[in-house]
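Colleague: I am attaching a structure below and will ask some questions about it afterwards.
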Amino acid sequence: AEGPLILAIESSCDETAAAVTDGTGRLLADVIASQVDFHARFGGVVPEIASRKHIEAICGVCDAALEEAAAALGQPAPLPWNRLDAVAVTYAPGLVGALVVGVAFAKGAAWALDIPFIVANHLEGHLYANKIGAPDFAPPAVVSLVSGGNTLLVHMADWGRYQVLGSTIDDAVGEAFDKVAKALGLGYPGGPAISRFAAQGNPAAIDFPRAMMRSGNLDFSLSGLKTAVVNYVNQQRQTGQAVPVADVCASFQQAVVDVQIAKARTALQQTGAPTFCLGGGVAANPVLREAYQQLCAEMGVQLVLPPLSSCGDNAGMIALVALDRYRAGKFAPLDADAAAGANL
Ligand code: KG4
């Protein structure tokens, strides 16, 4: 492999992940240990549990990444730690107690190996995730980041030059999926369950609100839609009527998609960007992906969709950020800290 070899670690929420990239941006390893089963019984991510599970998982996840990397290189496994040229980690934004586990581990490894330490922003990672399935992906582009914690429209003028065009003023899109799923008793995480039920339902059955369509800006609001769905479900129950779960899911999902598409269209018109791409867990939603395909075909815009496996949190995307940092010589001091909040 062409050097450098970089180990990247991601622990900002409820996945413990490690990846290894070579100097060409080829991911030699991309390992994710999800904690979702431990949080499901509580209906959402419990920060204290996330921290503890990261501590339990992080050594094994890194060992697994070094095994995979050796296999990808056709060398005896595992890849020795001293073959690494840098260690990178997500430092923000996220749950600070979760981030701290990855940051402390990565610092310890970089210090012990006496190699550079690199920190990456999680949101920038989601932008880089588009390179995983499309290595030639390059800005300028408009990116929609839609996850459990974020809802952003970003203009990427270039790598490292990002302008947030709009964001949610209340709930994130994934959060709305999770809360609606909870009201319907569909379990956590809600997104996949809602999209499965929605496939059997009628998206025009119930007219849920599409917020901020005429707000004149690129911000989003999801809490009114969530409340409208919860009120509808409660009303059905209180009047002794069955809840048409598939129709509720399809109608809710369509309301989300309509707003996402309308704002994306405006963002593309305003920026004239030739490329549109998606990131975050909600980017796995099949109806949303299909709607973007239509929008971009109609507008003559190139659409880049991250592979389903790279939509949610992963360390491969952090490794690709880290490779650019490495090339630019942008290393972090060993007293760099985790931070809960950070913008792009
Ligand atoms: O990026 P991600 O893994 O991490 C967080 O930000 O937590 O995103 C997870 C979110 C959850 O809210 C989940 O319900 C949502 O992505 N999600 C989906 C789908 N798959 C996952 N939302 C809608 N449709 C899906 N198919």
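The values are calculated or read from the model by the stated rules, or taken from the named source; none is laboratory data. Because the structure is predicted, anything quoted here is derived from the model rather than measured. FYI the Cβ positions are ideal-geometry reconstructions off the backbone, even for glycines, and counts take in every protein chain you see.
Colleague: Cβ-Cβ below 7 Å, separation at least six or inter-chain, first residue in the stretch 82-96 and within 12 Å of Leu7 (Cα to Cα), second hydroxyl-bearing (Ser, Thr, Tyr): which pairs?
Modeller: Final answer for the pair search is Ala86/Tyr326; Thr90/Ser11; Thr90/Ser12.
Colleague: Just the residues that are outside any helix (DSSP H, G or I) and free of Cβ contacts under 8 Å to residues at least 24 places away in the same chain, please, taken from the stretch 44-55. Let's see the steps before the verdict.
Modeller: Filtering the stretch 44-55 down to residues outside any helix (DSSP H, G or I) leaves 44-46.
Answer for the stretch 44-55, where residues must be outside any helix (DSSP H, G or I) and free of Cβ contacts under 8 Å to residues at least 24 places away in the same chain: just Val46.
Colleague: Count, please, the residues in the stretch 74-119 that happen to be assigned to a loop (DSSP other than H, G, I, E, B) and small (Gly, Ala, Ser). Steps first, answer last, please.
Modeller: Of the stretch 74-119, the ones assigned to a loop (DSSP other than H, G, I, E, B) are 74-80, 84-85, 93-95, 114-116.
When the remaining residues are screened for being small (Gly, Ala, Ser), the result is 74, 77, 94.
Matching residues across the stretch 74-119 total 3.
Colleague: Which one of these is of a type in the set (A, V, I, L, M) and either within 16 Å of the ligand (Cβ to nearest atom) or touching an Asp or Glu at 6+ places or on another chain (Cβ under 9 Å) (or both): Leu268, Leu288?
Modeller: Values: Leu268 fails: either within 16 Å of the ligand (Cβ to nearest atom) or touching an Asp or Glu at 6+ places or on another chain (Cβ under 9 Å) (or both).
Step by step, each of Leu268, Leu288 is checked, and only Leu288 is of a type in the set (A, V, I, L, M) and either within 16 Å of the ligand (Cβ to nearest atom) or touching an Asp or Glu at 6+ places or on another chain (Cβ under 9 Å) (or both).
Colleague: Also, I was wondering about something else. Report, by residue number, each residue of the stretch 97-114 that is closer than 17 Å to Leu5 by Cα and among the hydrophobic types (A, V, I, L, M, F, W, C).
Modeller: Taking the stretch 97-114 first, the residues closer than 17 Å to Leu5 by Cα are 106-107, 109-114.
Passing the criteria: Ala106, Ala109, Ala110, Trp111, Ala112, Leu113.
Colleague: Continuing with the same structure: Examine the stretch 296-313 for a residue that is free of Cβ contacts under 8 Å to residues at least 24 places away in the same chain, outside any helix (DSSP H, G or I), surrounded by fewer than 24 Cβ atoms within 10 Å (Cβ to Cβ) and out of contact with any His (no Cβ under 6 Å at 6 or more places or on another chain), and state whether such a residue exists.
Modeller: Checking the stretch 296-313: at least one residue is free of Cβ contacts under 8 Å to residues at least 24 places away in the same chain, outside any helix (DSSP H, G or I), surrounded by fewer than 24 Cβ atoms within 10 Å (Cβ to Cβ) and out of contact with any His (no Cβ under 6 Å at 6 or more places or on another chain).
Colleague: Find the residue count for the stretch 206-222, including only residues that are surrounded by fewer than 16 Cβ atoms within 10 Å (Cβ to Cβ) and under 18 Å from Val248 (Cβ atoms). Steps first, please.
Modeller: Of all residues in the stretch 206-222, those surrounded by fewer than 16 Cβ atoms within 10 Å (Cβ to Cβ) come to 207, 209, 213-217.
Filter again for under 18 Å from Val248 (Cβ atoms), leaving 207, 209.
Residues meeting the conditions: 2.
Colleague: To continue, here is another question. Inspect all residues belonging to the stretch 152-168 and state whether any of them is touching an Asp or Glu at 6+ places or on another chain (Cβ under 7 Å), of a type outside the set (Ser, Thr, Tyr), within 14 Å of the ligand (Cβ to nearest atom) and not assigned by TED's automatic domain parsing to the domain that holds Ala92.
Modeller: no
Colleague: Moving to a separate point now. On the basis of being surrounded by fewer than 22 Cβ atoms within 10 Å (Cβ to Cβ), under 30 Å from Ile49 (Cα atoms) and touching a residue at least 12 places away in the same chain (Cβ under 8 Å), does Trp159 make the cut?
Modeller: Working: surrounded by fewer than 22 Cβ atoms within 10 Å (Cβ to Cβ): yes; under 30 Å from Ile49 (Cα atoms): no; touching a residue at least 12 places away in the same chain (Cβ under 8 Å): yes.
When the stated conditions are applied, Trp159 does not pass them.
Colleague: Can you find even one residue in the stretch 56-68 that is outside any loop (DSSP other than H, G, I, E, B), within 16 Å of the ligand (Cβ to nearest atom) and either acidic (Asp, Glu) or loosely packed, with under 15 Cβ neighbours inside 10 Å (or both)?
Modeller: no
Colleague: Ok, one more. Look at Leu225 and say whether it is touching a Phe, Trp or Tyr at 6+ places or on another chain (Cβ under 8 Å), at pLDDT 95 or above and either more than 10 Å from the ligand (Cβ to nearest atom) or part of a helix (DSSP H, G or I) (or both).
Modeller: On the way: touching a Phe, Trp or Tyr at 6+ places or on another chain (Cβ under 8 Å): yes; at pLDDT 95 or above: yes; either more than 10 Å from the ligand (Cβ to nearest atom) or part of a helix (DSSP H, G or I) (or both): yes.
When the stated conditions are applied, Leu225 passes them.
Colleague: Could you count how many residues in the stretch 256-272 are of a type in the set (Gly, Ala, Ser) and crowded, with 17+ Cβ neighbours inside 10 Å?
Modeller: Of the residues in the stretch 256-272, the ones of a type in the set (Gly, Ala, Ser) are 262, 264, 267, 272.
Pick out the ones that are also crowded, with 17+ Cβ neighbours inside 10 Å and you get 264, 267.
Adding up the residues that qualify gives 2.
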